[in-house]
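The structure appears below as structure tokens.
Read the figures in this text as sums done on the coordinates, not as results from a lab. Just so it is clear, the structure is predicted and the values come from calculations on it, not from any experiment. Positions of Cβ are generated from backbone atoms using ideal geometry, with glycine treated the same way; all protein chains shown enter the neighbour counts.
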Amino acid sequence: MAPSSFGRSEFDAFLFASVGADKSGVEVTVLSVLIRLGFDPWQEAARLSELPRETAAQTLASTFSRLPEHDWQIPQLAARAARLVDCLPRRGTSATALAVGEQRAGTAAWRPSRWLFWLALAVGWYFLMSHLTDNPVREPATTVSAPK
């Protein structure tokens, strides 16, 4: 399954970026860190993308500092957080604004009055066509006389 099928794809570069290694040496992503800390990764990414870069980096470094020390080794936490924040989309093209725009566009397309109009038109067309085919024009019957 593609990463973007889990959430909004504009955050893929950020969420799937490597944070560091866990105690067993396995690389860990921002996504896995946020999930382990109980965050919704896409909401947190959207929230961080709305903040100024410096504030977002400080917030992310603070979030990473909540990890248990015995499980994680993240050297140069502030520098790593700043590098990761650079992967977020720029302010003004936030996921929140995009999601609201998509919802508005979707709502306009699904207006009940528009669909009721098309439904009524289809039902009317169905009844008109069924009435025309049920009453075909019949030719008068010709009488055939038997030979005498």
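Of note:
- Here the simple spin-label model places points 7 Å from the Cα toward Cβ, and for residue 78 and residue 127 these points are separated by 7.6 nm.
- Remark: 123, 30, 85 ranked as 123, 85, 30, counting other beta-carbon atoms within 10 Å and listing the fewest first.
- Each of 47, 90 was scored by other Cβ atoms within 10 Å of its Cβ. Listed from fewest to most, they are 90, 47.
- Distance between the pseudo-spin-label points of residue 24 and residue 58 (7 Å out from Cα toward the beta carbon): 3.7 nm.
- Placed amide H near residue 19: partners under 5 Å, 5+ positions off or other chain: 28, 29, 30
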